[in-house]
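Taking it in order: structure first as structure tokens, then the write-up.
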């Protein structure tokens, strides 16, 4: 999205502490999903808004747990809530709710019927977690495989070894989101997803139509392609 006098103020963040902190308006959207305090046992002393602020700080800065600033909750407390919410599916529920709200705000149906799939290989450390060598990108690490709707909102994500080709990793990504987005029918992709093998795999997991968006013949350098540019 280009920066203009209209769009810049809309996305500008002026927070009293960190740019990643939630605004009151943003917290109002997330707060209804937060778990209630237990009626039995010691009263909750942790501010859940500060837990979310800490997670957003981690996501935006890419820092280690132990590098959380001292004015945020202890990293061990933030870790505990993160793992609990991840396992309970709360983070996914919040993400899906925000996607639906944003789509309705744009005048669209809450559940998307079309999406765009793509991947990105990133280098990782030599220890811990899955990894593989992406021969095409010359990267040893993991591959982030995502699906977005046609306005660029993420509706699916799977992380796997970088040595898995796009057409082989796509079925797992799409299968993982069909229960959440049952009306998804059309998927746009680049040439890396072409071939009968993937189309055959998609027929087994749902009524999905795969459309390959190719670069025009003779195109040189970067060129914005229909549908694919949003991912």
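FYI, it's all coordinate maths here, none of it is from the lab. Note that the structure is predicted; figures quoted are calculated from it, not measured. With ideal geometry, Cβ positions are generated from the backbone for all residues, glycine too; neighbour counts draw on all protein chains shown.
Quick notes
- Ranked for footprinting exposure by Cβ neighbours inside 10 Å, fewest first, 124, 46, 23 give 23, 46, 124.
- Fully extended contour minus Cα-Cα distance, from residue 176 to residue 126, at 0.36 nm per residue: 15.2 nm
- To the nearest ten degrees, helix 196-205 and the longest principal axis of the Cα atoms of the chain are 50 degrees apart.
- Ordered from longest to shortest, the equivalent ellipsoid semi-axes for region 167-215 are 18, 12, 9 Å, each the square root of 5 times a Cα gyration tensor eigenvalue.
- To the nearest ten degrees, helix 48-61 and the longest principal axis of the Cα atoms of the chain are 40 degrees apart.
- Pairwise centroid distance, computed over Cα atoms, of region 168-182 with region 116-141, Å: 20 Å
- All alpha carbon pair distances within region 39-148 were sorted into 5 Å bins beginning at 0; the resulting P(r) in whole percents reads 2, 9, 12, 14, 17, 17, 14, 10, 4, 1, 0, 0.
- Here the relative contact order of region 109-230, from alpha carbon pairs under 8 Å that lie six or more residues apart, stands at 25 percent.
- Principal-axis tilt of helix 90-105 within the chain, Cα atoms, nearest 10 degrees: 70 degrees
- In Å, descending, principal axis extents of the Cα set of region 109-230: 43, 39, 28
- Cβ-derived FRET efficiency at R0 41 Å, residue 75 paired with residue 203, nearest 0.05: 0.35
- Angstrom value of the Kirkwood radius, inverse mean 1/r, which spans all Cα pairs in the chain: 20.4 Å
- Cβ-derived FRET efficiency at R0 45 Å, residue 40 paired with residue 213, nearest 0.05: 0.20
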